[in-house]
Amino acid sequence: MPYGSSYGIPYTYAAYGSSETKSQKTDNTIPFKTPSNEMTPVTIDLVKKQLKDRLDSMKEFHKANEQLHEKHQQSRDESAKTIERLEGSSGGVGERYKFLQEMRGYVQDLLECFSEKVLLINELESAMHQLYKQRASRLVQRRQDDIKDESSEFSSHSSKALMAPNLDSFGRDRTLYQEHVKRRTAEREARRARRRLAREQSGKMADHLEGLSSDDEETSTDTTNFNMERDRILKESSKVFEDVLENFSSIDCIKSQFEAWRSKYLSSYKDAYIGLCLPKLLNPLIRLQLLTWNPLEDKCQDFETMLWFESLLFYGCEEYDQEKDDADVSLLPTIVERVLLPKLTVLAENVWDPFSTTQTSRMVAVTQKLINGYPSVVHAENKNTQTLLKALLLRMRRTLDDDVFMPLYPKSVLENKNSGPYLFFQRQFWSSVKLLGNFLQWYGILSNKTLQELAIDGLLNRYILMAFQNSECGDDSIKKAQSLPRQEQHFCACIGRHFLRLNYRHGVWATLALRTFSVPLAFKWEHIKQIIKLLSSIRALDHAVNVANDHNVKELKILSEGK
């Protein structure tokens, strides 16, 4: 068989399987065809045409990609502009968030610090108040003991008074009691002698009346103990913030933190009500600086010159157009209301002595300063102010009930002006007159009704008028009537109504006494003129006219004018 003829023979599997299998394979075979000679011939033009078509297709695809690229580039530029616009319109939200987070952490640390230190500050403040209270109570108790001792000494029942300790349920020894009385008497007389010597050296002896001076001299032991305890408290106060950074213990540093918040982000500052929180936040540091502040003492520093006051004076005042409801404007008034008024209340309850004219004048001055300079203090609904006024009234009533004493002696006993009972009676009278003047210093601060209850009903009618009835008619009565306080014109009329009958009666008594005893006529007229001046000074003009008519005093106008 020729070699080329094998391409025409079909391929079978006859040699490898059964006849059935061979027949199946034979049916499925595909004969191999000879390549056709009718294919399209490949020419140069055909290749060039296909390449050109390919190039055109690539160009179109490239053009589409360029358009897409330009579109993406334009979108990118717009996105960049949008980012810039959003960053510009965000107002520094990132910086603001960072700053507020830092302030949040600072405030939390500050509150944690104060939560530990406030307990120490409270203890130191209580210790200082207790120290002042003990000294004041010691002086008041000494005055009460001196009055009791003198009253028992000059009483007609002095022997029974000395026997009282034997009847004491506590079993106190009479001899020991007498020794205490003798020691107190010696100390009392020594203090009076030193005051008398000081008045003589200063040239004030002629104008002085026994009972007008305040017996507030302390022993050297008491003074030393007081100063030692005071120094100890001050030393402990200096250690309160010694382990704390300045940012958490200095008012200036704390103030600068919140001033930065206010200047940068005022809206969030107001939303957080920082202006309302600052007084309470700064309270511990201010109380620590006011630890030894006592306006009842001499040379006490004015609170408006203290460091905390000067530091906070212009807080929040950097803006020229402040809002009326800005809480920072009332920062200092609020601090004064919440810090100074409670401290004054404690001093009024436990330290202030209404018998002391100096302490009363200082207490009145600082109270009047707060009323005139800080409107929130005089607000009708201010609870701290109401508490202070109640404390003042309670202290005055307690003094009136516990410390005022007017002895009663027969006129025969008071005839001897060098006797002990006479001097004791005079001293108690003038101390009551001094207390009356101290009460009247509160005119304009306390209501007239309250002052009338204390000064007129409680002191004048109950004690001073009783002393007038036991006084000798003449110069002594006129001198006492002239010395009664008449500071305020409005209140003077109220006092005058209570003095009218008394003064007129003393005028009659003086006239009868002068008629009974042979005295020079000029001396008689001098008494009548003084009575007329006194009645005119308390606005009792009708009674002055009656006295002048009764005694034929023609120069009434000149006398009423005090010439």
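Within the stretch 211-256, the set of residues being surrounded by 16 or more Cβ atoms within 10 Å (Cβ to Cβ) and farther than 30 Å from Ser126 by Cβ comprises Gly211, Ser213.
Select, from Gln73, Gln67, Gln101, the only residue that is over 30 Å from Ile233 (Cβ atoms) and within 60 Å of the chain's Cα centre (by Cα).
Details: Gln73 fails: within 60 Å of the chain's Cα centre (by Cα); Gln67 fails: within 60 Å of the chain's Cα centre (by Cα).
Every option except Gln101 fails the conditions.
Taking the criterion of being more than 29 Å from Asp215 (Cα to Cα) and under 12 Å from the mean Cα position of the chain (by Cα), the residues of the stretch 337-375 that qualify are Glu337, Arg338, Val339, Leu370, Tyr374. Could we say that Thr450 is on the phi < 0 side of the Ramachandran plot, part of a helix (DSSP H, G or I) and in the same structural domain as Ile335 (by TED's automatic domain parsing) here? Against the criterion (on the phi < 0 side of the Ramachandran plot, part of a helix (DSSP H, G or I) and in the same structural domain as Ile335 (by TED's automatic domain parsing)), Thr450 does not qualify.
Taking the criterion of being in contact with a Cys (Cβ under 9 Å, 6 or more places away or on another chain), among the aromatic types (Phe, Trp, Tyr), surrounded by 15 or more Cβ atoms within 10 Å (Cβ to Cβ) and under 24 Å from Val346 (Cβ atoms), would at least one residue in the stretch 304-316 satisfy it?
Narrowing the stretch 304-316 to residues in contact with a Cys (Cβ under 9 Å, 6 or more places away or on another chain): none.
There is no residue in the stretch 304-316 that is in contact with a Cys (Cβ under 9 Å, 6 or more places away or on another chain), among the aromatic types (Phe, Trp, Tyr), surrounded by 15 or more Cβ atoms within 10 Å (Cβ to Cβ) and under 24 Å from Val346 (Cβ atoms).
Per the listing Glu259, Glu217, the residue uniquely modelled with pLDDT under 95, closer than 22 Å to Gln359 by Cβ and either touching a Ser or Thr at 6+ places or on another chain (Cβ under 7 Å) or of a type outside the set (Gly, Ala, Ser) (or both) is Glu217.
May I ask you to list the residues in the stretch 113-128 that are acidic (Asp, Glu) and at pLDDT 95 or above? Walk me through how you get there before you give the answer.
Pass one, the stretch 113-128, residues acidic (Asp, Glu): 116, 123, 125.
Those that are acidic (Asp, Glu) and at pLDDT 95 or above: Glu123, Glu125.
Just give me the residues in the stretch 243-300 being under 18 Å from the mean Cα position of the chain (by Cα) and among the aromatic types (Phe, Trp, Tyr), in sequence order. Matches in the stretch 243-300: Trp293 only.
A single entry from Ile83, Ile121 fulfils the requirement of being in contact with a Pro (Cβ under 9 Å, 6 or more places away or on another chain), surrounded by 10 or more Cβ atoms within 10 Å (Cβ to Cβ) and not charged (D, E, K, R): Ile121. Scan the stretch 337-394 for residues that are in contact with a strand residue (DSSP E or B) (Cβ under 8 Å, 6 or more places away or on another chain) and more than 15 Å from Pro295 (Cβ to Cβ) and the total you get is 2.
Give Ser250, Ser268 a once-over and let me know the one that is out of contact with any Gly (no Cβ under 8 Å at 6 or more places or on another chain), of a type in the set (S, T, N, Q) and without any contact (Cβ under 8 Å) to a residue 40 or more places away in the chain. It is Ser250.
Being under 15 Å from Leu212 (Cβ atoms) and either assigned by TED's automatic domain parsing to the domain that holds Met363 or basic (Lys, Arg) (or both) is true for just one of Lys417, Lys434. Which residue is that? Steps first, please.
On the way: Lys417 fails: under 15 Å from Leu212 (Cβ atoms).
Exactly one residue qualifies, and that residue is Lys434.
Would you check if there is a residue in the stretch 370-387 being under 20 Å from Asn461 (Cα atoms) and either at pLDDT 80 or above or in contact with an Asp or Glu (Cβ under 6 Å, 6 or more places away or on another chain) (or both)? Steps first, answer last, please.
Of all residues in the stretch 370-387, those under 20 Å from Asn461 (Cα atoms) come to none.
Among the residues of the stretch 370-387, not one is under 20 Å from Asn461 (Cα atoms) and either at pLDDT 80 or above or in contact with an Asp or Glu (Cβ under 6 Å, 6 or more places away or on another chain) (or both), which makes the answer no.
Evaluation of Val240 against the conditions (1) at pLDDT 90 or above; (2) not in a loop (DSSP other than H, G, I, E, B) shows that the sole unmet condition is (2). Summed over the stretch 138-180, the residues that are touching a helix residue (DSSP H, G or I) at 6+ places or on another chain (Cβ under 7 Å), modelled with pLDDT under 65 and hydroxyl-bearing (Ser, Thr, Tyr) give a count of 1.
The values are calculated or read from the model by the stated rules, or taken from the named source; none is laboratory data. On a predicted model such as this, the values are computed, not experimentally measured, just so you know. FYI the Cβ positions are ideal-geometry reconstructions off the backbone, even for glycines, and counts take in every protein chain you see.
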